[in-house]
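Bear in mind these aren't lab numbers, they're just calculated from the coordinates by the rules spelled out. Since we're looking at a predicted model, the values are computed, not measured. Virtual Cβ from ideal backbone geometry, glycine too; neighbours counted across all protein chains shown.
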Amino acid sequence: MTTPRPETLAKLTPVLTKRWLSPDAWRLGTYEKLDGYAALRKALKAHPDDLIQLIKDSGLRGRGGAGFPTGLKWGFIPQGDGKPHYLVVNADEGEPGTCKDLPLMTHDPHSLVEGVIIASYAIRANRAYIYIRGEAVHAARRLRSAVAEAYAKGYLGRNVLGSGFDLELVVHSGAGAYICGEETALLDSLEGFRGQPRLRPPFPATHGLYASPTVVNNVGTIASVPYIVLGGADWWKTMGTEKSSGPMIYSLSGRIADPGQYECSMGITLRELIELAGGMKPGHNLKFWTPGGSSTPLLTAEHLDVPLDFEGVAGAGSILGTTATQIFSDQDCPVYATYRWLEFYHHESCGKCTPCREGNYWMVRVYRRILSGQGTHEDLDTLLDTCDNILGRSFCGLGDGATSSVTSSLKYFKQDYLDYIEGRTAPKLSDKQLVGA
Ligand code: NAI
Ligand code: SF4
């Protein structure tokens, strides 16, 4: 284990995580003692359009993976249209490796509730939903208890803090389908239908929940809002880079000494994050990693100094995604890791479109063949050809995401595939597992 140098430690910028270690941080009393709901009082005195402008000025970008500018999205909501507006928080965190939203809701649920109220006021929504992953029972319980406390104190309900603004907030638990994290499938699920993606455009901003204008934002995005209201756009921009402003919660897992959540300015590098996390586990050397969950192309030890912001990671041929950095060592097999991710996508494919439904099914079978020592050189072409038929031809991002680790592992680690095919690596799967394909 290495000790982080002071200059690396200084890279930690606890903003959204700053209350996590306070005793009973999830209770209203603690939250209020630590500046809680001060931003709401300030926001309610401002004009909603000024709040949207503030978020635009801050440069805040979506924390769910895509990095869409938040203020711009809020600005898409038509005003004076006579329709109800909705805010929906996407808390269906399910990307493999991703684990930043659940601790946030468990440790500091009021920051999300406060963000919801401010965002709803800004977009003129009188009803908001938090759609939380079904398996996240503990986080949902904390969230529901925070919502109840907020109602009792007059932060929610009719005439919020005497401002004349009304807001009802519902916490809705999903039923365990990864696809319901896709924003339009989430809306279908919330409306009581089977969760499957809708065609976009039109985007939810104009045709969302119950065909009305709807902002769908990630937990981290909405929880950032109270800090920006209190601290101002210029303060927010002192962190991060010109186009990727603010702090970001990086979730480190895998072969490192101290896995967990590290909140740092956007643009930190993996080298610095690993140092913050006490270094690699003894006996392990970095081999490959995901910058933002399993839907993002793999990077390697060559990319240790890539700035982890939206532009930096894109420049390295990957995507920042959910900042879930899963770290693998020379003792891990990129072929097997890719197979496990593919099994996940195959299982979670909603079946609506052929490229994803059939392509993932067949790719899992090819991987099982390779990993059981029965693969052929042609299998590698079949994998690339199948990815080519999924990427850009699927109905939603799940299909595209499934191809990321396949194409990137073949790009960087073709030799590992050849070692199985040519018999230098012992099969990882038995004949029985192959038959199970
Ligand atoms: P996207 O880039 O298509 O859209 C991003 C957001 O901007 C959406 O809310 C969309 O409605 C809005 N938007 C885009 N163009 C618009 C326009 N012209 N007008 C109005 N609104 C517009 O990305 P998508 O497909 O929503 O999300 C993909 C990302 O999700 C990936 O980068 C992936 O990393 C991430 N992801 C996150 C997971 C998690 O558990 N947090 C799970 C799986 C994927
Ligand atoms: Fe469903 Fe996959 Fe098609 Fe998305 S890409 S609509 S998850 S089948």
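Quick notes
- Three-way shape call for the stretch 285-437 based on the alpha-carbon gyration tensor, with the a/c threshold at 1.5: oblate
- Tensor-based shape of the stretch 207-274 (alpha-carbon gyration tensor, a/c under 1.5 rounded, otherwise prolate or oblate): oblate
- Cα-only radius of gyration and Dmax that characterise the stretch 263-362, units Å: 15.1, 45
- Of the DSSP H helices in the chain, those whose Cα atoms cover at least 15 Å axially and whose Kyte score averages 0.5 or more: 109-123, 219-231
- In terms of the mean number of neighbouring beta-carbon atoms within 10 Å, the peptides 86-95, 202-211 order highest first as 86-95, 202-211.
- For the chain, modelled as a GNM whose springs connect Cα atoms under 10 angstrom apart, the maximal fluctuation among Leu143, Leu199, Leu187 occurs at Leu199.
- Spread of Cα-to-Cα distances over 10 Å intervals beginning at zero, given as percent, for the chain: 5, 21, 30, 25, 14, 5, 1, 0
- Using a cut-off of 24 Å between Cα atoms, the listed pairs Lys352/Lys428; Lys18/Lys237; Lys100/Lys243; Lys281/Lys411; Lys100/Lys281 include Lys352/Lys428; Lys281/Lys411 as exceeding that distance.
- In summary, the lysines within cross-link reach of Lys432, defined as a Cα separation below 28 angstrom excluding same-chain residues under 8 places away, comprise Lys414.
- Stokes-Einstein diffusion for the stretch 1-129, with the hydrodynamic radius set to the Kirkwood value over Cα pairs and evaluated at 10 °C in a medium of 1.306 mPa s, equals 95 µm²/s.
- If you take the Cα centroid of the stretch 221-299 and the Cα centroid of the stretch 77-117, the two points sit 20 Å apart.
- The chain: most fluctuating residue of Gly317, Gly292, Gly82 per GNM, C-alpha cutoff 10 Å: Gly82
- Theoretical gain in end-to-end length, Arg144 to Ala426 [0.36 nm per residue, Cα-Cα removed]: 96.5 nm
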